[in-house]
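Worksheet: the structure to be examined is printed underneath.
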Amino acid sequence: MVVRSLTVAALLGTAACTSVRPVLNAREFIPARQPNRVWVVNNQNESYILTAPRLEGDNIVGMLLNSSEEMSIPLGSAQLVEARQRDKKKTMVAGVILGAVLGSVVFLAVKAGSTPGDNQDYDNGMPP
């Protein structure tokens, strides 16, 4: 049970170590990181979420979220491109919390076996 709980905590901690942040260079970021989706705001302040984004020439191409429509947005008209990226601060906080939980579990497991009531001898179910 404890191992299962720690595994779930580790998986959630890993997922919590990312955040949606601006991409500094979409031309390099998208092919190198191959994000699942990007958030794009164009010059008309219209925002789009593109899944499976890729670069084709000078365009970000991907499927509109919850649609079967493919969209192409010129990089020159992309005012803002954001993607889910690793967040060092969140990773550090998650590591500290996970370490504290793991340390507490180990401490409680060690203390549980050393209480005075655990060392009594019983003969036929009756105390001496």
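The values are calculated or read from the model by the stated rules, or taken from the named source; none is laboratory data. The shown structure was predicted, so the numbers you read here are calculated from the model rather than taken from an experiment. Glycine also receives a Cβ, built like all others from the backbone with ideal geometry; neighbour counts cover every protein chain displayed.
Structure summary
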| item | result |
| --- | --- |
| Complete set of residues in region 28-61 that are in contact with a strand residue (DSSP E or B) (Cβ under 7 Å, 6 or more places away or on another chain) and on the phi > 0 side of the Ramachandran plot | ALA52 |
| Residues satisfying the stated conditions in region 60-74, i.e. buried (at least 16 other Cβ atoms within 10 Å of the Cβ) and either more than 24 Å from the chain's Cα centre (by Cα) or in contact (Cβ under 8 Å) with a residue 40 or more places away in the chain (or both) | ILE60, VAL61, MET71, ILE73 |
| Residues satisfying the stated conditions in region 75-100, i.e. surrounded by 13 or more Cβ atoms within 10 Å (Cβ to Cβ), at pLDDT 75 or above and among the aliphatic types (A, V, I, L, M) | LEU75, ALA78, LEU80, VAL81, ALA83 |
| Filter pass, ARG21 being touching a strand residue (DSSP E or B) at 6+ places or on another chain (Cβ under 6 Å) and either at pLDDT 95 or above or among the aliphatic types (A, V, I, L, M) (or both) | no |
| Long-range neighbours under 7 Å by Cβ, at least six apart or interchain, first residue in contact (Cβ under 8 Å) with a residue 12 or more places away in the chain within region 29-57, second assigned to a helix (DSSP H, G or I) and of a type in the set (Lys, Arg) | LEU55/ARG27 |
